[in-house]
Every structure is written in C-alpha cells, then in structure tokens.
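Before any comments, here is the structure.
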Amino acid sequence: MYIEVFLVGLLAGMSPGPDFFVVLCNSLRFGRHIGVATAIGIGSALMIHITYTVLGFAFLLHQHPALFRLVQGLGALYLFWLGYHAVKASVSELDLHMNKNTAAQPEKTAVKGFIEGFLCNALNPKATLFFLSVFSQFLSSGTQTWVGWVYGLEIVIAVALWFTLLSCLITNDRFKRLYQRYSYWFDRILGAVLIFFAFKIFVSFFV
C-alpha cells in the first residue's frame, strides 16, 4: 500500500499544473538553485493539505462552500500575478533584445523562490480534492491516524523529489543554452499557461 501511495503522489506531481510551471519558470529564468528552492516550497505547502486532511479539516471546507470559494479566489489571483509578471518580464526582455541592450537578468533569492512555490501550492484548491480522493481510497475508519501521516509524508517526498529532479534536468548546459536563445518565448508561454490556470479557476466559480 505504501508503494501505491508513493506512486500516486509521484504521478500527481508529474502531471502538468500550476506547480509544474512555477518550478519550470523559476528554474529556467533564475537557475537550478532557485528552482530547487521552489520545489522545496511546494513540498512544504503540501504539509498544510496533509494536516487539515488528516485532522478532518477538508470536511469543513466542503461544509462551508464560501470558505472553499475564498481559497479558490486567492489561488487564482496568485497564479494570475505570477503569470502576469512572467509575461511582463518576457516582453521587457524581447524589447531589450531587439534594441541590442545587454542588461543583466534580474535576480531572485532562494527565499523568494521558496515562498512562490509555497503559496502556489498552498492556495491551490485542487490540492484539497486531490488529498481527499487519495485518502478516501487508502484510508478507512479502522486505519490508525499515524498511517495517514505516513501516507502524507510519502506524497510530500515524492512530489518534492520530482520537482527537484525537474529543476536539475532543465538547467543542464544544453537546455540552458536553448533557453538563453529563446528566453522571451519560453517566459511568455509559461506565463500564459499560469494565467490560463487562473482563468480556469475563475470560470469554475460560475459552473
């Protein structure tokens, strides 16, 4: 059972979503160190979802739709903010490129990368549904509480390891040279994807 839970967490992390694109964007634009910090932030935020799921807070979210909607709204706004700044940065870089201006790439600290990863995952309402579905499949009324914590930690490790590996893979020299050549297009696409996820969450308000 433990192996199955680990694989489910790994597959969930590998599926393209807001977390995936935030790690991708930060790794490509600011390097492996920032990408890994973002991955650790995502893994840390998962502990929030695990805590309220194990303790039964997920049930309260579904009993109070307004609270769930608030989390959805905050998550959508944050994704839009990340996507907007990625697109805005890429436009600036494109203008600089066309004007042959060689200004340095803006810096980002590991702490900021960690916070972005943390907030991206913590404010993602779909994480609630994910943990509800996983725990409902692998836990029963007779399961001891500590087993739920072990399952949750397995998912944290699986997701954090995957995003750390992703950051390392996409910052190898060959990929880095490709990104440096087409950085403004990469940033535009990644920013647009994050904005797409934000609008998708907003649309769910009216469906």
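The values are calculated or read from the model by the stated rules, or taken from the named source; none is laboratory data. The model shown is predicted, which means the values in this text are computed figures rather than measured ones. When we count neighbours, we look across all protein chains shown, and the Cβ atoms used for this are built from the backbone with ideal geometry, even at glycine.
What number goes with the only condition from (1) touching a Ser or Thr at 6+ places or on another chain (Cβ under 9 Å); (2) modelled with pLDDT of 85 or more that Leu96 does not pass?
(2)
Can you work out which of the residues in region 52-77 that are at pLDDT 75 or above and within 16 Å of Ser204 (Cα to Cα) is nearest to the chain's Cα centre (by Cα)?
Within region 52-77, the first condition is being at pLDDT 75 or above, and the residues that meet it are 52-55, 66, 70, 73-74, 76-77.
Restricting the remaining residues to those that are within 16 Å of Ser204 (Cα to Cα) gives 66, 70, 73-74, 76-77.
Details: Ala66: 24, Leu70: 19, Gly73: 16, Leu74: 14, Ala76: 12, Leu77: 14 Å.
The selected residue is Ala76.
Mind checking whether some residue in region 39-51 is closer than 24 Å to Ile195 by Cβ and modelled with pLDDT under 70?
Scanning region 39-51, I find no residue that is closer than 24 Å to Ile195 by Cβ and modelled with pLDDT under 70, so the answer is no.
Quick check on Ser90: is it surrounded by 15 or more Cβ atoms within 10 Å (Cβ to Cβ), in a helix (DSSP H, G or I), among the hydroxyl-bearing types (Ser, Thr, Tyr) and at pLDDT 70 or above?
It is false that Ser90 is surrounded by 15 or more Cβ atoms within 10 Å (Cβ to Cβ), in a helix (DSSP H, G or I), among the hydroxyl-bearing types (Ser, Thr, Tyr) and at pLDDT 70 or above.
Between a first residue in region 195-207 that is over 16 Å from Pro65 (Cβ atoms) and at pLDDT below 70 and a second residue that is among the small types (Gly, Ala, Ser) and surrounded by 15 or more Cβ atoms within 10 Å (Cβ to Cβ), which pairs have beta carbons less than 8 Å apart while being 6 or more apart in sequence or on different chains?
none
Give the residues of region 154-174 that are in contact (Cβ under 8 Å) with a residue 12 or more places away in the chain and more than 17 Å from the chain's Cα centre (by Cα), sorted by residue number.
Matches in region 154-174: Glu154, Thr171.
Which is exposed (fewer than 14 other Cβ atoms within 10 Å of the Cβ), part of a helix (DSSP H, G or I) and at pLDDT below 70, of Gln137, Gln105?
Details: Gln105 fails: part of a helix (DSSP H, G or I).
Among Gln137, Gln105, only Gln137 is exposed (fewer than 14 other Cβ atoms within 10 Å of the Cβ), part of a helix (DSSP H, G or I) and at pLDDT below 70.
State which residue is surrounded by the fewest Cβ atoms within 10 Å (Cβ to Cβ) when the search covers only region 161-187 and only residues that are touching a Ser or Thr at 6+ places or on another chain (Cβ under 8 Å) and within 23 Å of Leu123 (Cα to Cα). First the steps, then the outcome.
Of region 161-187, the ones touching a Ser or Thr at 6+ places or on another chain (Cβ under 8 Å) are 163, 166-167, 170-171, 183-187.
Filter once more, keeping what is within 23 Å of Leu123 (Cα to Cα): 163, 166-167, 187.
Values: Phe163: 28, Leu166: 19, Ser167: 25, Asp187: 24.
Per the criteria, the residue is Leu166.
Hey, among the residues in region 26-42 that are of a type in the set (Val, Ile, Thr) and buried (at least 24 other Cβ atoms within 10 Å of the Cβ), which one's farthest from Gly13 (Cα to Cα)?
So in region 26-42, the residues of a type in the set (Val, Ile, Thr) come out as 34, 36, 38, 40, 42.
Filter once more, so that each one left must be buried (at least 24 other Cβ atoms within 10 Å of the Cβ): 34, 36, 38, 42.
Working: Ile34: 18, Val36: 14, Thr38: 13, Ile42: 10 Å.
Top of the filtered list is Ile34.
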